Amino acid sequence: MKGKKIIAVLLCAVLLTACGGQNNAGNTNTSGDNAVSSDTSKEASDETAQETQEESGLRVALVVNQRFGDQSSVDIIASGVDKAAQEFGLEVKKLESTSTAAHEDDIRSLAREGYDLIITTFPQMSEATLAVAKEYPDIKFAAIYQYINAEETEASNVWSSEYHGEEYFYVMGALGAYVSQTGHIGYVNAAESPSANASINALMLGALSVNPDIDVSFTYVGSFEDPAAGKEVALSMADGGVDYIVGDAAKTSIGCIEGAKEAGIAISTDTNFDYAYELYPDGYFASTGLGFDENAYMACRMLAEDNFTGGIMSPLGLKEGIYYIGYDALEKFSSNGSEWGNIFRDKDAIAFVKDLEAKIVSGEITVPNDTSYPDFDSLKSGQ
């Protein structure tokens, strides 16, 4: 990856606490076999904002490869777009494109409609995003959590965001090993990708840094939208001795929470914290602090302020603040009087996490971005 293509972008607003947005998809109408769309020309809350909306004339399309209503990543992205729409007077259209075969046609249909900015999501949409961006060089594209503008895929009208979760998941792995009562923790992801592999490898390294004898199990479920499979995996892991799970699988994570609750084990996921904590207050201690909303807001703001920066890929991780630790959630859990909450409180887990995070941010601890397929036995033997 060319160093000159990796340009960090200064975050333009304070990240929201606990990774959580609500479903802002609005009313949807079926449009073809593979896509669901929603036009949401935002009404501002006061007369001044309304005037700004009328004067803007800028149109933004958000096309996602997962369904809205996941209480996770796509809902969070939508909330960032909605925030920008209200602040900058943008007209917004949201589109679900859940079939891989339909991605390119769905993105192209938005380009033909003349949107000023088209936002796409996750590596599964990169090939389609790049193809359409080349066809429509005058349209701006924001590729969230994608690797466009890496060494071989440069596009001057695309701003892409390379998410680095390895530092965050190193902390979660270390925390798991610190509080585990069985010495066996687990990780559940939806699908293999370079970033998912890096996250799992980092989680394993973090766990081993605390307990060299720890065991770590991981599973790629195969879907972001299968709570039943998530529950089955969580129950299976619990049966195998796992007492702490990190879930990173969007709607599938909700099933992981249900399985963890049934088994009485601890869990953190990428789910909206308030929603997940209500499901399982005795064992759900944290949500992945990930500013998808801020990423989408940044893209819209660049458009509105006429300083859109295409042709680069911005690395976003714990150091940049796009990943962050949900300390408010940890505080709430540690003081709730549950068995697991008491374990977190008695072991002073929050102080442990703060110390570890500080060492990573300062550079005292360097977490590798290892995108190879996870092999826990090799990592463990190499310690």
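The values are calculated or read from the model by the stated rules, or taken from the named source; none is laboratory data. Predicted, not measured: the structure shown is a model, and the values here were computed from it. Positions of Cβ are backbone-derived with ideal geometry, glycine not excepted, and every protein chain shown enters the neighbour counts. For the accessible areas, the whole protein counts, side chains as well, though only heavy atoms, and no ligand, DNA or RNA atoms are used. Shrake-Rupley method; radii C 1.70, N 1.55, O 1.52, S 1.80 Å.
Just to be sure, is residue 262 of a type in the set (D, E, K, R) and open to solvent by less than 10 Å² (accessible area, probe 1.4 Å)? Judged against the criteria, residue 262 is not a match.
For the subset of segment 173-196 comprising residues that are assigned to a helix (DSSP H, G or I) and at pLDDT below 95, which member is farthest from the chain's Cα centre (by Cα)? Even if it seems obvious, please write down each step before you answer.
Residues of segment 173-196 that are assigned to a helix (DSSP H, G or I), as a first pass: 173-179, 194-196.
From what is left, the residues that are at pLDDT below 95 are 194-196.
On the way: 194: 14, 195: 11, 196: 11 Å.
So the residue we want is 194.
Taking every residue in segment 57-73 that is in contact (Cβ under 8 Å) with a residue 12 or more places away in the chain and on the phi > 0 side of the Ramachandran plot and pairing it with any residue that is assigned to a loop (DSSP other than H, G, I, E, B) and surrounded by 23 or more Cβ atoms within 10 Å (Cβ to Cβ), at least 6 positions away or on another chain, the pairs with Cβ-Cβ distances below 6 Å are 71/271. Pick out the one residue from 147, 136, 163 that is surrounded by fewer than 24 Cβ atoms within 10 Å (Cβ to Cβ), within 21 Å of the chain's Cα centre (by Cα) and of a type in the set (Phe, Trp, Tyr). One residue alone meets the criteria, 147. Only a single criterion out of (1) over 30 Å from residue 155 (Cβ atoms); (2) in contact with a Phe, Trp or Tyr (Cβ under 7 Å, 6 or more places away or on another chain); (3) outside any helix (DSSP H, G or I) is not satisfied by residue 313, namely (1). Is at least one residue of segment 34-56 within 30 Å of residue 135 (Cβ to Cβ) and at pLDDT 80 or above? No, segment 34-56 contains no residue that is within 30 Å of residue 135 (Cβ to Cβ) and at pLDDT 80 or above. Restricting attention to segment 166-193, the residues being closer than 16 Å to residue 269 by Cα, aromatic (Phe, Trp, Tyr) and open to solvent by 20 Å² or more (accessible area, probe 1.4 Å) number 1. Between 300, 256, the distinction of being over 25 Å from residue 356 (Cβ atoms) and at pLDDT 95 or above belongs to 300 only. Restricting attention to segment 317-349, the residues that are closer than 22 Å to residue 181 by Cα and among the aliphatic types (A, V, I, L, M) total 4. The lone criterion from (1) surrounded by fewer than 24 Cβ atoms within 10 Å (Cβ to Cβ); (2) without any contact (Cβ under 8 Å) to a residue 40 or more places away in the chain left unmet by residue 129 is number (1).
Can you name every residue in segment 360-373 that is open to solvent by less than 50 Å² (accessible area, probe 1.4 Å), under 20 Å from residue 162 (Cβ atoms) and part of a loop (DSSP other than H, G, I, E, B)?
We begin by selecting, within segment 360-373, every residue open to solvent by less than 50 Å² (accessible area, probe 1.4 Å); these are 360, 363, 365, 367.
Restricting the remaining residues to those that are under 20 Å from residue 162 (Cβ atoms) gives 360, 363, 367.
Matches in segment 360-373: 363, 367.
Checked against the criteria, residue 242 counts as open to solvent by less than 40 Å² (accessible area, probe 1.4 Å), within 24 Å of residue 332 (Cβ to Cβ) and touching a helix residue (DSSP H, G or I) at 6+ places or on another chain (Cβ under 9 Å).
Residues of segment 150-160 that are of a type in the set (S, T, N, Q) and open to solvent by less than 30 Å² (accessible area, probe 1.4 Å): 157, 160.
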